[in-house]
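Read the structure below first, then the notes.
The values are calculated or read from the model by the stated rules, or taken from the named source; none is laboratory data. Just so we're clear, the structure is a prediction, and the values are computed from it rather than from any experiment. Using ideal geometry, Cβ is built from the backbone for each residue, glycine included, and neighbour counts are taken over all protein chains shown. The area values use the complete protein model at the heavy-atom level, side chains included, leaving out ligands, DNA and RNA. Shrake-Rupley method; radii C 1.70, N 1.55, O 1.52, S 1.80 Å.
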Amino acid sequence: MRTCWLLLLGCLATACGGNFSNDDLEFLNALPTREDLSSKLPGSSGAVSEGGLHQRSDALAVGEPSQLYRDTREASDAFNSGMDGLLTLLEEIRKLPPTTREPEVRVWGPWPDSNHPGHEVRFAMQRQPDRFNYVLQYRREGSGEEGWWSAVEGAFQPDGGLRKGTGAVRLLVKETKDHGFEVGGLANLDLLEIVYQTRALPITVQMRFVPALPQPASELLYAYREIPGGLGEMGFLLADTDILPGTQKEDLAIISRWTKDRGGVGIIAVTGGDVPAGFTATQVECWDASFRITYMKRSWETAVVGSASTCPDVSALEQ
């Protein structure tokens, strides 16, 4: 999903370096960082062998690869991919001094956009009494100040220290497409919105994917939390998934919590499909540091796999 942002980096790479004032740094500290926002689920997309589970309804045993970890891994990767290009862009902005400085304004650019001939691009920030606002904008060359349109809008309200506060970033995908720009992996979206707070623990980040109309797809929402020591949590939804015996597919609301090096615990709330109307079926699953099942209990089955005593302590996130 970073394709559309990488197109801009060539423009930034040609800009000259220089010195930063203390006031410049105050503006730059209002921009989110990768460390602030990215999901830090241990392992990688290849961490679990594909030779294990194929159907959720299969009989499971201790030591088998955890499908719930795999689902969480995919959600974490999608979450990080959604903001990767934006964060890469902001990292490049931080390397460059502003080209325009006013008491409450900083502007980078405008520069000719070699990827969109005949266009210019700029990144602008404004400081207000209680917040910073920023935009990434384009215009056709010669169109004047009124020709600028925004591809990204963001805001940050400081509270409690360096890079502490609340913020939001909106990637205006529909507007960008309407201007004829290529958006790469975001083509099926109208909007990507990120809302976060870093002022208090746990740090929280929510990401909302709004599909382009007239697609029947519903919005996707990911919620992420983390506290020091490597404890993290990801909440997400898997729709139309076959988990219960029967002919219909269910919707799964999943909350996964993990430690840095002792595995994790996932809770699935199952609705729709073969679940009777008005009821919710549940599954609890724990995995170890190798991402393999140590414990599992399903409300629709009497058998229990493994022992709950093997589950890591994630109680610090249960509040």
Might you let me know whether segment 297-304 holds any residue that is among the hydrophobic types (A, V, I, L, M, F, W, C), in a strand (DSSP E or B) and surrounded by 13 or more Cβ atoms within 10 Å (Cβ to Cβ)?
no
Report, ordered by the first and then the second residue, all pairs with beta carbons closer than 7 Å, sequence separation of six or more or different chains, a first member in segment 53-72 that is under 17 Å from residue 251 (Cα atoms), and a second member that is among the charged types (D, E, K, R) and modelled with pLDDT of 95 or more.
68/285
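Please return the ranges of strands (runs of 3 or more DSSP E) entirely within segment 116-210 where 1 or more residues are in contact with a helix residue (DSSP H, G or I) (Cβ under 6 Å, 6 or more places away or on another chain).
119-127, 132-140, 149-158, 189-197
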Residue that is modelled with the lowest pLDDT, among those in segment 262-295 that are surrounded by fewer than 19 Cβ atoms within 10 Å (Cβ to Cβ) and hydroxyl-bearing (Ser, Thr, Tyr)
271
Filter pass, residue 104 being at pLDDT 95 or above, open to solvent by 20 Å² or more (accessible area, probe 1.4 Å), closer than 20 Å to residue 153 by Cα and of a type in the set (Asp, Glu):
yes
If residue 293 satisfies every condition in (1) closer than 23 Å to residue 239 by Cβ; (2) in a strand (DSSP E or B) but one, which is the exception?
(1)
Can you say whether residue 313 is part of a strand (DSSP E or B) and either free of Cβ contacts under 8 Å to residues at least 12 places away in the same chain or exposed (fewer than 13 other Cβ atoms within 10 Å of the Cβ) (or both), as far as the supplied structure shows?
no
Filter result (in contact with a Cys (Cβ under 9 Å, 6 or more places away or on another chain) and among the aliphatic types (A, V, I, L, M)) within segment 69-114:
96
